[in-house]
Amino acid sequence: MDVLRRSQTTMHPGGLTVENLAGEHAPFNSRKIHAALTGLTNDPTVVHRVESLIVAQLAGFDVVATGTIESTVVETLEQLGYQNMAKNYRKRQHA
């Protein structure tokens with residue numbers, strides 16, 4: 001995983017900080033994951049289950065790269081047996 005840890009001075013208050021490819025930092029927004037998953041399925045139970053697992057996996061980090069978030073989403077979907085959703089998520093991220 002491409003996860004980074006930084007000192008408290010570079011983190012956003014309230015939790016996880018996301019570092020994009022340009023090295024810029026922003027607060028983690030789980031609503032983006034929710035929106036991406038909702039775009040893949042109309043089943044709220046699946047969305048909630050997958051979203052909860054992804055957020056739980058990321059919760060232990062201070063700073064995480066966007067690529068790590070994307071990988072975590074894909075791996076979680078695949079581990080839960082949602083291979084088609086994982087494939088479609090990858091396509092949308094690289095479109």
For the chain, the convex hull over Cα atoms projects on average to an area in nm² of 6.0 nm²
Assigned charges on the beta-carbon of Lys, Arg, Asp, Glu; the chain dipole about Cα centre (debye) = 180 debye
Given the rule -39500 (n - 2.57) for each run of at least 4 DSSP H residues, summed and divided by the residues of the chain, what is its mean residue ellipticity at 222 nm, to the nearest 500 deg cm²/dmol?
-> -16000 deg cm²/dmol
Of all GluC sites (Glu not before Pro) in region 15-95, which ones are in loop regions per DSSP and have a Cβ with at most 13 other Cβ atoms within 10 Å?
-> Glu24
Cβ-based exposure ranking for Asp43, Asp62, in which fewest neighbours within 10 Å come first | Asp43, Asp62
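Quick note: the coordinates plus some simple rules give every number you see, no bench work behind them. Bear in mind the structure is a predicted one, so any value in this text is a computation, not a measurement. Note: ideal-geometry Cβ built from the backbone for every residue, glycine included; neighbour counts use all protein chains shown.
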